[in-house]
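Beneath this line is the structure, given in C-alpha cells, with notes to follow.
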Amino acid sequence: MHALIVVSHPLESSLTHALAQAVAEGIRQQGQHSAEIADLAREGFDPRFSEADVAAFNQTAPLPADVLAEQARIANADALVLVFPIYWWTMPGLLKGWIDRVFSNGWAYADSGEGKVIKKLGHLPIHLVALGGADRRTFEKHGYAQSWNTQIAHGIFDYCGAPVLTNATLMLPDLGSAEAAL
C-alpha cells in the first residue's frame, strides 16, 4: 500500500507537520507500506482557480501541468490522507484550492449527460485528520461538526465517490497537550 499524505500548513515546525510525519511513520512501520508527504506550502502549489482551470472544467482545454502532476501522485496512491489545521471552521484555503483544481471535472467526477454525476474516485479511500484550537463542545454546539461533514466529507469526497474512512477532528483543548495528538 502507498499513501499520499497531503499537508497544508505554512510552518514546517507546526504540530500539523509533526502529525503528518507521525502518520507517515505509522504507515511505514506496518511492513510493506510506503508514504509520501506532499507539502503544499513548501512545494509552492498555486491554489488559485485560473482561466486555464475554468477552460479545463468546461473541457475546452487540457488540464494545467501542475494539476496533471498532482493527479498522477494521487493515481499512484492506494489512500489519500489530508492533514491540516482548522481555520475558520474549515480547511485552509491552500488545501481547498488544491481540491478545487485537482479534483477536476472529467477526472474526479463527470456529468453523465442525463443529469447524474458519475463518481470516479470510488477506489480512493480518504482519511481526514484536522487539528483545531476550539474544544469539541464548541465545535458541536454551533453546528460546525455537522457543517464539516456536509461540506467536506459529503460535499467533496462523496460527490466524487471517494469513501471517507477516517474523519478525525483533533481538538487540542480536549487532548490536553499537543503531544497527545501524535
### Message
Considering only residues that are part of a helix (DSSP H, G or I) and open to solvent by 40 Å² or more (accessible area, probe 1.4 Å), which ones fall in the stretch 42-60?
### Response
ARG42, GLU43, GLU51, ALA52, VAL54, PHE57
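Across the stretch 46-89, what is the number of residues that are under 28 Å from LEU170 (Cβ atoms) and of a type outside the set (A, V, I, L, M)?
Quick first cut of the stretch 46-89, residues under 28 Å from LEU170 (Cβ atoms) only: 47, 70, 73-74, 76-89.
Those still in the list that are of a type outside the set (A, V, I, L, M) too: 47, 70, 73, 76, 78, 84-85, 87-89.
Number of matching residues: 10.
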## Note on the structure
Here the qualifying pairs (Cβ atoms under 6 Å; residues six or more apart or on different chains; first in the stretch 36-63 and modelled with pLDDT of 95 or more; second open to solvent by 50 Å² or more (accessible area, probe 1.4 Å)) come out as ALA41/PRO10; PHE49/ASP100
### Task
Would you mind stating whether GLU25 is open to solvent by 90 Å² or more (accessible area, probe 1.4 Å) and either touching a Leu at 6+ places or on another chain (Cβ under 8 Å) or without any contact (Cβ under 8 Å) to a residue 24 or more places away in the chain (or both)?
no
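Residues that are under 19 Å from VAL102 (Cβ atoms), outside any strand (DSSP E or B) and modelled with pLDDT of 95 or more: does the stretch 10-27 have at least one?
From the stretch 10-27, those under 19 Å from VAL102 (Cβ atoms) are 20; that's our starting set.
Now drop any that are not outside any strand (DSSP E or B), which leaves 20.
Those still in the list that are modelled with pLDDT of 95 or more too: 20.
Yes, the conditions are met somewhere in the stretch 10-27.
The values are calculated or read from the model by the stated rules, or taken from the named source; none is laboratory data. Values in this document were obtained by computation on a predicted structure and should not be read as measured data. Positions of Cβ are backbone-derived with ideal geometry, glycine not excepted, and every protein chain shown enters the neighbour counts. In case anyone asks, the SASA skips ligands and DNA or RNA and just uses the protein heavy atoms, side chains included. Shrake-Rupley method; radii C 1.70, N 1.55, O 1.52, S 1.80 Å.
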